[in-house]
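K.L.:
Structure below; questions to follow.
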Amino acid sequence: DPSLILPTESVKIKDNLSYEEVPVQILDRQVRRLRTKDVASVKVLWRNQFVEEATWEAEEDMKKRYPHLFESGGNAD
């Protein structure tokens with residue numbers, strides 16, 4: 001399907017043929033209640049991915065790695 005082909009110029013491919021995914025936006029937030037604690041997750045839209053391919057990630061980890069996504073107006077609260 002030609003619509004799924006990404007131009008390689010926009011994806012920085014390393015010598016070992018890997019690339020780093022970069023989060024673009026937080027789409028949603030949810031808190032799941034476990035027996036003894038609450039676990040917060042955020043739905044992350046990644047660069048060069050469609051909204052349908054967004055993934056749920058641990059909010060705490062995302063805040064540590066990408067704090068700019070959570071600055072004024074950058075979150076889905």
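K.L.:
Per 0.36 nm of contour for each residue apart, how much would the distance between Glu60 and Ile13 grow if the chain were fully extended, relative to their Cα-Cα spacing?
P.N.:
On the way: separation 47, 0.36 × 47 = 16.92 nm, distance 2.79 nm.
Taking Glu60 through Ile13 to full extension adds about 14.1 nm, to one decimal.
K.L.:
A further question follows. Under 19 Å from a point 7 Å along the Cα-to-Cβ line of Ile5: which residues of segment 31-71 have their amide N that close?
P.N.:
Flagged as within label range: 48-50.
K.L.:
Counting other Cβ atoms within 10 Å of each Cβ, which GluC sites (Glu not before Pro) in segment 10-75 have at most 14 and sit in a DSSP loop?
P.N.:
On the way: sites: Glu20, Glu21, Glu52, Glu53, Glu57, Glu59, Glu60, Glu71; in loops: Glu20, Glu21, Glu71.
Those that pass, being in a loop and sparsely packed, are Glu20, Glu21, Glu71.
K.L.:
On to the next question. Given R₀ = 25 Å, what would the calculated FRET efficiency be for Arg35 paired with Phe70, taking r from the Cβ atoms and rounding to 0.05?
P.N.:
Details: r = 27 Å, r/R0 = 1.09.
Working from the Cβ atoms, E equals 0.35.
Throughout, read-outs are computed from the coordinates displayed, never taken from laboratory work. Everything quoted here is computed from the prediction, not taken from an experiment. Every residue, glycine among them, receives a Cβ derived from its backbone with ideal geometry; neighbour counts consider all protein chains shown.
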